[in-house]
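Down below is the structure, laid out as structure tokens.
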Amino acid sequence: MQASTCTACRLCEGRTQVVFGMGDPNADLMFVGEGPGAEEDRQGLPFVGRSGQLLDRLLLEEMGRTRDSCYIGNTTKCRPPGNRDPQPDEVAACWHWLDDQLELIKPTVVITLGNFATKRLLDTDVGITKLRGQVYPFRGGSLVPTFHPAAALRGGGAVLAQMRSDFVRAKLILDGAGAA
Ligand code: SF4
């Protein structure tokens with residue numbers, strides 16, 4: 001089955017389209033977020049709203065890169081109605097798509113954005129506030145957890161500063177100086 005026609009969970013009912021992911025399939029850096037918002041659902045692309053603009057800014061300012069050199073995906077590929085949190089059964093139903101993306105791209109570094117992606121990929125119930133600030137081994141590479149950009153948009157300077165340091169941490173790994 002193709003992702004664009006997937007009906008494996010109830011999120012298919014309210015979506016405009018499946019937002020599978022975007023970027024370079026050979027990228028050494030992959031971002032995994034939560035799920036599409038309204039703008040992402042409309043355009044069919046991940047992180048194109050305000051959160052995406054902040055992601056682009058941090059990527060450029062802390063890592064000197066643009067999104068074209070990365071791959072960007074989400075934990076769930078369809079928009080939860082009203083931007084509610086994805087439910088555990090929805091995350092579980094969508095997992096195989098993300099699993100396939102991770103296997104195909106095989107990034108050197110995965111940056112997880114927020115609780116949902118971090119908990120799913122590290123298979124833990126520990127929250128992002130406790131998990132961030134460290135590097136974790138992940139499928140032969142490294143995983144760097146950080147906050148979702150939406151949290152920085154809500155939470156202001158302190159959250160943003162921590163995100164910046166996490167992006168620098170990821171850059172050090174990619175530069176060969178800081179693997180898990
Ligand atoms: S969220 Fe994932 S599992 Fe659910 S319908 Fe969309 S693509 Fe399928």
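Side notes on the structure shown:
- Each DSSP beta bridge with both residues in the chain is either parallel or antiparallel, and the antiparallel ones are about 30%.
- Rounded to the nearest 10 Å², the accessible area of L45 at probe 1.4 Å: 60 Å²
- Per residue solvent-accessible surface (Å²) - the chain, probe of 1.4 Å: 46 Å²
- Each 5 Å bin from zero holds the following percent of Cα-Cα pairs in the stretch 2-133: 2, 11, 21, 25, 22, 14, 5, 1.
- Distance between the pseudo-spin-label points of K130 and M22 (7 Å out from Cα toward the beta carbon): 3.6 nm.
- With every protein chain in place and a 1.4 angstrom probe, the accessible-area ranking of L174, L58, largest first, reads L174, L58.
- Debye-formula intensities of the stretch 34-74, expressed as log10 I(q)/I(0) at q = 0.29, 0.31 Å⁻¹, are -1.02, -1.09 (one equal scatterer per alpha-carbon, no solvent).
- The mean of 1/r over all distinct Cα pairs in the stretch 42-113, once inverted, gives the Kirkwood hydrodynamic radius of 13.8 Å.
- Beta bridges by DSSP in the stretch 78-180, antiparallel share as percent, to the nearest 5: 40 percent
- Rolled with a 1.4 Å probe across the full set of protein chains, the surface gives E39 an accessible area near 60 Å².
- Approximate spin-label separation S4-D123, in nm, with each point projected 7 Å along Cα-to-Cβ: 3.3 nm
- If you take the alpha carbon atoms of the stretch 74-129 and fit the smallest convex hull around them, that volume is 89 Å³ per residue.
- In a fully extended conformation the segment linking R57 and A158 would gain 34.7 nm over its present Cα-Cα distance, using 0.36 nm per residue.
- In the chain, Cα pairs under 8 Å separated by at least six residues give a relative contact order of 24 percent.
- Its Cα gyration tensor gives the stretch 129-180 an equivalent ellipsoid. The semi-axes, each the square root of 5 times an eigenvalue, are 22, 11, 8 Å from largest down.
- Three-way shape label, the stretch 88-180, alpha-carbon gyration tensor, a/c 1.5: oblate
- Using just its DSSP H runs of length 4 or more, each adding -39500 (n - 2.57), the chain gives a mean residue ellipticity at 222 nm of -12500 deg cm²/dmol after division by all residues.
The values are calculated or read from the model by the stated rules, or taken from the named source; none is laboratory data. In this text the structure is predicted, and so the values were computed from the model without any measurement. Note that each Cβ is placed from the backbone with ideal geometry, even for glycine, and that neighbours are counted across all protein chains shown. Accessible surface is based on the protein model in full, side chains and every heavy atom, while ligands, DNA and RNA are left aside. Shrake-Rupley method; radii C 1.70, N 1.55, O 1.52, S 1.80 Å.
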